[in-house]
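Engineer: The structure follows.
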Amino acid sequence: SKTPSNWPPEITYLTRPHLSKSLPAETLTHLSLSSTSSSTTSTPSPLVKIRKITDPAHPAFGQLGLFAAKTLSARSFILDYLGYVHDDNDLDESSDYDLCLDRELRVGVDARRMGNEGRMVNDYRGVPGFVRANVVFETRRVGGGDRGEVRMGLWVGSKDVKKGAELCVSYGKGFWKERLKE
């Protein structure tokens, strides 16, 4: 399968979620996850580009970021955040790429070693020109209405994002509290 331009070779590119073998059947049912179903697959997104951060003032200078390939309308869907879907039995404590998919079931999606363009989104804090995030993570159901597969989606915030702008989320204060402890 094709990978997006500037994709890091050491990270497995996913076109659909990769499910942990330790997820219990009830969890899979509740989230409508199936390792066999031909659930919605994605290809490299035409809406975004992965680029190296070249501004020395940027907190992620020298690393990769995600940028709008065209103007993105307010509140529109950009792409799913794909990764390794797991629960507490299969948690990578050291990962900076783990998002909560379902709090009650304690299921997360971790893009540390495998994922898609969603893993390239940086936090807005300290990024020149940013006072708040311009994109947000929210869960959605894919295929099958209310019974569709639960995914973590990346969405445009309350304002349009102009072509060429970096996409930045808020990782949340909890993320930074943990990082400051290290």
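Readers should treat all values here as calculations from the given coordinates under stated rules, not as data from a laboratory. All figures in this text were calculated on a predicted structure; none of them were measured in a lab. Please note: Cβ atoms are built from the backbone with ideal geometry, for glycine as well, and neighbour counts cover all protein chains shown.
Engineer: Based on other C-beta atoms within 10 Å, arrange 138, 93 from fewest to most.
Structural biologist: Numbers: 138 10, 93 6.
In increasing order of surrounding Cβ atoms, one gets 93, 138.
Engineer: Take every DSSP beta bridge whose two residues both sit in region 12-181, then give the antiparallel share in percent to the nearest 5. Provide the component values of the computation, followed by the final result.
Structural biologist: Values: 26 of 32 bridges.
Here the share of antiparallel DSSP bridges comes out near 80 percent.
Engineer: Next up: With only Lys, Arg, Asp and Glu charged, each at its Cβ (+1 for the first two, -1 for the last two), find how big the charge dipole of the chain is about the Cα centre; round to the nearest 20 debye.
Structural biologist: Values: 26 positive and 23 negative charges, 170 e Å.
Dipole of the chain, to the nearest 20 debye: 820 debye.
Engineer: Further, regarding this structure: Could you tell me the relative contact order of region 118-173? Use alpha-carbon pairs under 8 Å, at least six residues apart, and round to a whole percent.
Structural biologist: So the answer I get is 43 percent.
Engineer: State the extension gain, in nm to one decimal, for the chain segment bounded by residue 6 and residue 139, taking 0.36 nm per residue of separation less the distance between their alpha-carbons.
Structural biologist: Values: separation 133, 0.36 × 133 = 47.88 nm, distance 2.66 nm.
Length gained between residue 6 and residue 139: 45.2 nm.
Engineer: Ranked from highest to lowest mean number of other Cβ atoms within 10 Å per residue, what is the order of the peptides 77-88, 145-156? Could the numbers behind the result be given before it?
Structural biologist: Details: 77-88: 21.2, 145-156: 16.7.
Most protected by this proxy first, the peptides run 77-88, 145-156.
Engineer: Quickly work out the residue 91-to-residue 51 label distance, labels modelled 7 Å from Cα along the C-beta direction, and quote it in nm with one decimal.
Structural biologist: 3.7
Engineer: Can I ask one more? When the gyration tensor of region 48-98 is built from Cα positions, what are the square roots of 5 times its three eigenvalues, in whole Å, from largest to smallest? Don't skip to the answer; put the middle values down first.
Structural biologist: Values: eigenvalues 137, 75, 13 Å².
That gives 26, 19, 8 Å for the three semi-axes.
Engineer: For residue 98, list long-range residues whose amide hydrogen, built 1.01 Å from N in the peptide plane, is under 5 Å from its own amide hydrogen.
Structural biologist: Result for residue 98 returns 111.
Engineer: What whole-number value in cubic angstrom gives the convex hull volume per residue for the C-alpha atoms of region 71-169?
Structural biologist: Taking only Cα atoms, region 71-169 has a hull volume of 122 Å³ per residue.
Engineer: Still on this structure: Can you run phi through the Karplus equation (6.51, -1.76, 1.60; θ = phi - 60°) for region 42-51 and list ³J(HN,Hα) in whole Hz, with x for Gly and Pro?
Structural biologist: Those phi angles translate into 10, 10, x, 6, x, 7, 9, 10, 8, 9 Hz.
Engineer: Whose amide H sits under 5 Å from the amide H of residue 165, counting only residues 5 or more places off or on another chain, with H placed in the peptide plane?
Structural biologist: When sequence neighbours closer than 5 places are left aside, the close amide H contacts are 68.
Engineer: Hey, can you grab everything whose amide H is under 5 Å from the amide H of residue 80? Only 5+ residues off in sequence or another chain; H modelled, so Pro and N-termini drop out.
Structural biologist: When sequence neighbours closer than 5 places are left aside, the close amide H contacts are 154.
Engineer: Please compute the alpha carbon radius of gyration of region 1-85, then divide it by the globular-protein estimate 2.2 N^0.38 Å. Two decimals is fine. Don't jump to the answer; show the numbers that get you there.
Structural biologist: Numbers: Rg = 16.1 Å, N = 85, 2.2 N^0.38 = 11.9 Å.
This ratio for region 1-85 stands at 1.35.
Engineer: Another question about this same structure. On the principal axes of its Cα set, how long, how wide and how thick is region 12-181? Give whole Å, largest value first.
Structural biologist: In descending order, the Cα extents are 47, 37, 27 Å.
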